[in-house]
Amino acid sequence: MTMSFTIKLFAQENELTFSKVITAGNYKIFLLNNNSDFFSGSIKITDNTDKTVFFRENLFSRYVSDTLADLNRDGSDEFILNLSTGVNAYDFNMLLVFDFTLSANPLYEIHNAEIAGDPDDVPRIVSHVRFSPLYLGTGYDYSLIYDGEKMVLDKETGKGSVLSNLDIIEADMLYNINEFKKEMDECDETSNYISFFEQYLLQKKILSKEDEGISFFDKYYNCSDKDSARTQLKSNIKNMYEYLSAMNHRYIEE
């Protein structure tokens, strides 16, 4: 089944309130939020009879953008709302993905995310995850594909792929590590030094380059607990990757 969209936008904003109406196909999406408060944003969707088919309040802090993209290349566009959460650097935005051929409710909610990829290829959704503590600047990026039934972890790593652009550069990571070592004793058990290697290894695991991650650890981790740290690191990365692979990103009504 194909579905065509005509987008019509109406928006107004003053110092305190923001409102926007988006017409997409047979639906109208009403956005309203108070600019002075976090999570004051509400979404109401009505059908072509003006019946409210979806409503959720206290959902977002700011409207960022909306777009149409054929995420699974089936000839029918999905509608994607990009909304700011604005709480902190660990959770700064979310994408709500609607497939109006299936439901008026959002199907997926993906945080810290953006749409990426060549417009002539299947678009990907890339999520950016940051580790704690934030001052270390560590984290990882992964890519998702909508196959029409679920969001699945992107595993296409060939030249020019979205994942290939998420690779982590050894020289950059080594620079960060060396700067950190100027400020702190990396082998102090409270230093969180292992986070650099967690980032490196998990990003390489996502790109099917786990051996490169292990080699990096063996080359640059020089604390006395190296053997036990390697064992724990590999276990942590295995669990994190399994969790990442199992995530379905389905929107859940609270």
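Scan (1) among the acidic types (Asp, Glu); (2) over 30 Å from residue 198 (Cβ atoms); (3) at pLDDT below 95 for the single condition residue 91 breaks and write down its number.
Just one mismatch for residue 91, condition (2).
Please list, ordered by first then second residue, the pairs with beta carbon atoms under 6 Å, 6 or more apart or interchain, first in the stretch 192-219 and within 18 Å of residue 137 (Cβ to Cβ) and without any contact (Cβ under 8 Å) to a residue 40 or more places away in the chain, second of a type in the set (Lys, Arg) and part of a helix (DSSP H, G or I).
213/204
Among the residues of the stretch 228-254 satisfying the criterion of being of a type in the set (Phe, Trp, Tyr) and touching a residue at least 24 places away in the same chain (Cβ under 8 Å), which is surrounded by the fewest Cβ atoms within 10 Å (Cβ to Cβ)?
Going through the qualifying residues, I end up with 251.
Quick check on the stretch 48-84: of everything there that is of a type in the set (Gly, Ala, Ser) and exposed (fewer than 14 other Cβ atoms within 10 Å of the Cβ), which residue is farthest from residue 29 (Cα to Cα)?
Kept after step one, since they are of a type in the set (Gly, Ala, Ser), are these residues of the stretch 48-84: 61, 65, 69, 75-76, 84.
From what's left, exposed (fewer than 14 other Cβ atoms within 10 Å of the Cβ): 65, 75.
Details: 65: 13, 75: 22 Å.
Result: 75.
Can we say residue 206 is farther than 15 Å from residue 135 by Cα, of a type in the set (A, V, I, L, M) and touching a helix residue (DSSP H, G or I) at 6+ places or on another chain (Cβ under 8 Å)?
Answer is yes for this residue.
Got a sec? Which of 144, 244 is modelled with pLDDT of 95 or more, within 21 Å of residue 111 (Cβ to Cβ) and not in a helix (DSSP H, G or I)?
Checking each option against the conditions leaves just 144.
Return the residues of the stretch 134-160 that are surrounded by 17 or more Cβ atoms within 10 Å (Cβ to Cβ) and in contact with a helix residue (DSSP H, G or I) (Cβ under 9 Å, 6 or more places away or on another chain); say none if nothing qualifies. Before the answer, list the steps.
The initial filter retains those residues of the stretch 134-160 that are surrounded by 17 or more Cβ atoms within 10 Å (Cβ to Cβ), namely 136, 138-146, 151, 154.
Listed by number, the residues that qualify are 136, 138, 139, 140, 141, 142, 143, 154.
Mind listing whichever residues of the stretch 72-118 are hydroxyl-bearing (Ser, Thr, Tyr) and either under 21 Å from residue 37 (Cα atoms) or touching a residue at least 24 places away in the same chain (Cβ under 8 Å) (or both)?
Those that are hydroxyl-bearing (Ser, Thr, Tyr) and either under 21 Å from residue 37 (Cα atoms) or touching a residue at least 24 places away in the same chain (Cβ under 8 Å) (or both): 76, 84, 85, 90, 101, 108.
I'd like the full set of residues that are free of Cβ contacts under 8 Å to residues at least 40 places away in the same chain and not aliphatic (A, V, I, L, M), limited to the stretch 144-159.
149, 154, 156, 158, 159
Hey, does the stretch 163-171 have a residue that's within 24 Å of residue 103 (Cα to Cα), aliphatic (A, V, I, L, M) and not in a strand (DSSP E or B)? Walk me through how you get there before you give the answer.
Quick first cut of the stretch 163-171, residues within 24 Å of residue 103 (Cα to Cα) only: none.
Within the stretch 163-171 (the criterion being within 24 Å of residue 103 (Cα to Cα), aliphatic (A, V, I, L, M) and not in a strand (DSSP E or B)), the answer is no, since none of the residues qualifies.
Can you tell me which residue within the stretch 120-132, out of those that are within 19 Å of the chain's Cα centre (by Cα) and assigned to a loop (DSSP other than H, G, I, E, B), is modelled with the lowest pLDDT?
So, considering only residues that are within 19 Å of the chain's Cα centre (by Cα) and assigned to a loop (DSSP other than H, G, I, E, B), the one modelled with the lowest pLDDT is 122.
Using beta carbons and a limit of 9 Å, which pairs, at least six apart or on different chains, have the first residue in the stretch 19-34 and free of Cβ contacts under 8 Å to residues at least 24 places away in the same chain and the second one assigned to a strand (DSSP E or B) and of a type in the set (Gly, Ala, Ser)?
Taking only residues 6 or more apart or on different chains, the pairs are 19/11; 21/11; 30/19; 30/42; 32/19; 32/41; 32/42; 34/41.
The values are calculated or read from the model by the stated rules, or taken from the named source; none is laboratory data. Here the structure is a predicted model, which is why all the values come from computation and not from measurement. Neighbour counts run over all protein chains shown; Cβ positions are idealised from the backbone, glycine included.
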